[in-house]
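See structure below.
None of the figures in this text is laboratory data; all of them are computed from the coordinates on show. Predicted model, so just to flag it, every value in this text is computed and none were measured. Cβ: placed from backbone, ideal geometry, glycine included. Neighbour counts: every protein chain shown.
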Amino acid sequence: MSAPTASTSPIPSGGKVCTTFPEILMLGEFVFGGLVWILVASARVAFAADQGWVMFVSVFCFVITTLLLILYMAGVQNSSSAWGAVDVFYHFIAAVFYLSIAVLEAHDTRFHLLQTQKNFRINIAASVFAFVATLLYTIHAVLSILRWKNSS
């Protein structure tokens, strides 16, 4: 019997997920995405449909980022080379989605005359955190594309 082959996945597994770049960005994506979710859920906005899209994107990305983090820590990416493409695809889509909600949240925050001062401040914070999450997802997407390109 031969020994199992070493992992060829460029994505780290186990505890290295929390110490290597760009996977460490997932912790920031998790934190700032969760803050956007909490802040938007706790405030009123002028347009309910916009708030629905912001909530969908923030919850969706929060759940998928958490799932990917758990799967990467478990080492699932070592079973197939397709995980590099999954990582690129997810972070690119998340960056585009987060950019859309950051702009939408900032636009809706402009209508502060329809809000209390507390809601206005909460919406400003949600806008800022959405732009930070957008930046993190974008950096992660770009670095994942470079890693995927270099590994193939």
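If you fit an axis through the alpha-carbon atoms of helix 117-151 and take the longest principal axis of the Cα set of the chain, what angle between them do you get, 0 to 90°, nearest 10?
20
Starting from the Cα of Val59, move 7 Å in the Cα-to-Cβ direction to define the label point; list residues of the stretch 120-137 whose amide nitrogen is under 13 Å from there.
Inside the label zone: nothing.
Sort the following peptides by mean Cβ neighbour count (other Cβ atoms within 10 Å, averaged over residues), highest first: 138-149, 91-102, 123-134. Could you put the intermediate results ahead of the total?
Numbers: 138-149: 17.7, 91-102: 20.8, 123-134: 22.8.
In descending order of packing, they fall as 123-134, 91-102, 138-149.
Compute the Cα gyration tensor for the chain, then decide on rounded, prolate or oblate, letting a ≥ b ≥ c be the square roots of its eigenvalues: rounded whenever a/c is under 1.5, prolate when a/b is larger than b/c in the other cases, and oblate in all that remain. Could the numbers behind the result be given before it?
Numbers: a/c = 3.22, a/b = 2.76, b/c = 1.17.
Prolate, since a/c reaches 1.5 and a/b exceeds b/c.
Helix 83-109 versus the longest principal axis of the chain: what angle, 0 to 90°, nearest 10, using Cα atoms?
Around 10 degrees separate the two axes.
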